[in-house]
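Student: I'd like to ask some things about the structure below.
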Amino acid sequence: MNSKDDSAGADERSVLRIVCGPTGAGKSAVALALAERHGLTILAADSRQVYRGFDIGTAKPTAAERARVPHEGVDLAEPAERFSAAAWAAHATAVIERLGVDRVLVVGGTGLYLRALTQPLFAEPVFDAARRAALAAELESLDTGTLRRWVMHLDASRAALGRTQLLRALEVALLTGRRISDLHREAARAPRWSARWLVVDPREQLHGRIERRLDAMLAGGWLNEVRELARTVPADAPAWNACGYQTLRQLTDVAVRSRFAAWDGNLDETRHAILVSTRQYAKRQRTWFRHQLEGEAVTHIDPRSADALAQADRWWQGGSTA
């Protein structure tokens, strides 16, 4: 995704403003303050927050935050539903058309969602149902690391994405003999808007922020949320792919089989596993933003800066943060 204005001569009103960055970076706080100050609606671009009931571990906006600023893009699907980037982009487009591009602030870290909105996806190929089902059964048995290594060989530009996108890249490559990245380039539809980007990243402080947020989530009842969800949400539901949920669900299963209501020492090990996977996810997000965003349409800020909000204001108004 080239962040330079691909729509030469586009009217300023057609510019879509997007706040992005790795998980735990602090982009939501920056966006919330910016949206409140300018009377904007936040449009969440987060593949985890679209699922109803998966709230604490996805850092979904709280009731208080939604009371301060209207939010769109959350709670769009049931946990067992497969919700694609194209479906999110269709929802986002409807929101932007209804409210006006100058009243919407897109906020999130799901690169595929942002790509689908700013560079609309191609018309997908039609697959033979039996071959697709057989391949899906084979791929689902592989861990994410193995899937990533396969994608590195078959379509390297997609290797930094999440598990769902890795599966999709392999499906297209193996069933069509073509890279999905090539199909995107050849058949993508023209973008509706040009985009300007505010990349929020605290740099070397990110790891510590992720750890503190994880501890806050656990203290805020994440384990209980997972235990309740496990009662009704199927184990193969796509929503469980959100960072940490599957790991906590496995711990929940152990606790459910136990006679004891208290969580045992496995929680420390589980916490460490979630911390490692979340940091790895953030690293992949950073890689995506670094490779996909460049040029004058991109502004970087450190949320720890004393004038971070003033920088964000200048960005929203079209000025430089320098």
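Student: If you count, for each residue, the other Cβ atoms within 10 Å and average over each peptide, how do 137-143, 222-228, 33-39 line up from highest to lowest?
Tutor: Packing proxy ranking, top to bottom: 222-228, 33-39, 137-143.
Student: Quick one: dipole size for the chain, taken about the Cα centre, charges +1 on Lys/Arg Cβ and -1 on Asp/Glu Cβ, in debye to the nearest 20.
Tutor: The dipole of the chain has a size of about 220 debye.
Student: Also, quick follow-up: Counting only protein heavy atoms and a 1.4 Å probe, tell me what percentage of the chain's accessible area is made up of carbon and sulfur.
Tutor: Reported share for carbon and sulfur atoms: 51 percent.
Student: If each DSSP helix of 4+ residues adds -39,500 (n - 2.57) and the sum is divided by the residues in the chain, what number results at 222 nm, nearest 500 deg cm²/dmol?
Tutor: That calculation yields -15500 deg cm²/dmol at 222 nm.
Student: If you project the alpha carbons of the chain onto their three principal axes, what span does each projection cover, largest first, in Å?
Tutor: 64, 48, 36
Student: Counting residues in region 29-107 as N, plug N into 2.2 N^0.38 Å and put the Cα Rg over that result.
Tutor: 1.06
Student: Limiting things to C-alpha atoms, what are the Rg and the maximum Cα-Cα separation (Dmax) for region 94-230, in angstroms?
Tutor: 18.9, 48
Student: Could you sort 42-52, 79-89, 144-154 so that the peptide with the highest average Cβ count within 10 Å comes first and the rest follow in order?
Tutor: Highest to lowest by the protection proxy: 42-52, 79-89, 144-154.
Student: How high is the relative contact order of the chain, in percent, counting Cα pairs under 8 Å that sit 6 or more residues apart?
Tutor: The normalised contact order for the chain reaches 30 percent.
Student: Taking springs between alpha-carbon atoms closer than 10 angstrom, which of 75, 182, 128 fluctuates most in the Gaussian network model of the chain?
Tutor: 128
Student: Next question, about the same structure. Could you tell me how far the Cα centroid of region 133-187 sits from the Cα centroid of region 8-71, in Å?
Tutor: 29 Å
Student: Using +1 at the Cβ of each Lys and Arg and -1 at the Cβ of each Asp and Glu in the chain, identify which of 193, 109, 87 lies farthest towards the dipole's positive end.
Tutor: 109
The values are calculated or read from the model by the stated rules, or taken from the named source; none is laboratory data. Every value quoted in this text rests on a predicted model; they were computed, and no experiment measured them. Cβ coordinates were reconstructed from backbone atoms using ideal geometry, including for glycine residues, and neighbour counts include every protein chain displayed. Ligands, DNA and RNA are stripped out before the accessible areas are found, and what is left, the full protein with its side chains, is counted by its heavy atoms. Shrake-Rupley method; radii C 1.70, N 1.55, O 1.52, S 1.80 Å.
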